[in-house]
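Colleague: I'd like to ask some things about the structure below.
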Amino acid sequence: MKKHKFSLSASAVYLCLILWALTTVYPIVWVVQNSFKAKNKILEDSFSLPLGELFTLANYRKAFENLDIFSAYKNSIFISGMVCAIVILLAGLASFALVRYHFKLRDTLYALVVAGMMFPVFATIIPVYAMETSWGIAGTKNWWLSMLSIILPQVAGNLSFAIIVLTGYIRGLPIELEESAFLEGCGPVQIFFKVIVPLTKPSFATVAIFSFLWSYNDLFTQMFFLRRPETRAITRLLNELSSNEGTDYGLMAAAVSLVVIPVLIVYVFLQKYIIKGMTAGAVKG
């Protein structure tokens, strides 16, 4: 059995990581445990565990009675799912073309993709909103058009990152596999879906997870495009709650828990794909 030598530097690193993890995880635990306490109990004793008389489900009952939680979840999942699917398809095809095809201004186009990550959404939101208003899809009463108005800018915001990740991975794939498929009679589309996609699953999973989570948590864009109650996503609903019930800390804690917990579950179960995809793309790129 191999023995590990004690290292002072490694111990210091682990200690720093543990302290950092505590400062990151404990606020979430604090919010969740206070979501099971009454409002006055939170002000009196916010650090005790919700046991015995402290425990109550009133905050969650109030959240589900006063807020349209299920409708907001439906909107969030639909928006994030569509953004995820479109980003995967467009970024995958664009990355395949940038890596395997030689055409004029290819390097310039890739440079523009990289430059796209330098512009924050705050810098483009006004012209984007004006453009979508002129198209007649922003600020309408139609649910489908409202969803489209938020999906389009979120797709655009994720494409640069997705293309960079997938391009780095595809560039490291052996081209002989694609040549063999071509000799078997496969066209570019068949090569992409039958050869490239199966081989780049880790990076596609990384792009999908990040796109989904970024869209799910994107409050800024939702503030502009999801103004009607029936179109509000879960983070937009939480913002409305904080404006209307800012002093009801129990209700706020319950609402925050309902927003954060699904994201944590997704990350816990899919973290291996995130790490594998990011490291594989970095090494192969």
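No value in this document is a laboratory result; all are computed from the given coordinates. These figures come from a predicted structure and were not determined experimentally. Cβ coordinates were reconstructed from backbone atoms using ideal geometry, including for glycine residues, and neighbour counts include every protein chain displayed.
Colleague: For the chain, count the residues as N, evaluate 2.2 N^0.38 Å, and divide the Cα radius of gyration by that value, please.
Modeller: Working: Rg = 23.3 Å, N = 285, 2.2 N^0.38 = 18.8 Å.
Output field value: 1.24.
Colleague: Quick one: 3J(HN,Hα) in Hz for the stretch 72-82, Karplus 6.51/-1.76/1.60 with θ = phi - 60°, rounded, Gly and Pro as x.
Modeller: Computed from phi, the couplings for the stretch 72-82 are 5, 4, 4, 5, 5, 5, 5, 4, 5, x, 5 Hz.
Colleague: Here is a follow-up. Which value, in Å³ per residue, describes the convex hull spanned by the Cα atoms of the stretch 165-240?
Modeller: Values: hull volume 9.0 nm³, N = 76.
Dividing the Cα hull volume of the stretch 165-240 by its residue count gives 118 Å³.
Colleague: Oh, and also: What list of whole percents do you get for P(r) of the stretch 8-60, with Cα-Cα distances grouped in 10 Å bins up to the one holding the largest distance?
Modeller: Per 10 Å bin, starting at zero, the Cα-Cα P(r) for the stretch 8-60 comes out as 24, 36, 20, 15, 6 percent.
Colleague: Just need the relative contact order of the chain here, percent rounded to a whole number, with Cα pairs under 8 Å and 6+ apart. List each step's numbers first, then the result.
Modeller: Values: 276 pairs, mean separation 86.0, N = 285.
Computed over the chain, the figure is 30 percent.
Colleague: Okay, moving on. For the stretch 34-95, I need the span (max minus min coordinate) of the C-alpha atoms along each principal axis, in Å, sorted largest to smallest.
Modeller: If we take the Cα atoms of the stretch 34-95, the spans are 57, 25, 17 Å.
Colleague: Taking the mean number of other Cβ atoms within 10 Å as a proxy for protection, how do you rank 16-26, 51-61, 36-46, 91-101 from highest to lowest?
Modeller: In descending order of packing, they fall as 91-101, 36-46, 51-61, 16-26.
Colleague: Next question, about the same structure. What FRET efficiency do you get for LEU264 and PHE47 if R0 is 22 Å and r is their Cβ-Cβ distance, rounded to the nearest 0.05?
Modeller: Numbers: r = 21 Å, r/R0 = 0.97.
Working from the Cβ atoms, E equals 0.55.
Colleague: Additional query: Give me the dipole magnitude in Debye, nearest 20, for the chain about the Cα centre, with unit charges on the beta carbon: positive for Lys and Arg, negative for Asp and Glu. Write down the numbers at each step before the final one.
Modeller: Values: 23 positive and 16 negative charges, 124 e Å.
For the chain, the charge dipole is close to 600 debye.
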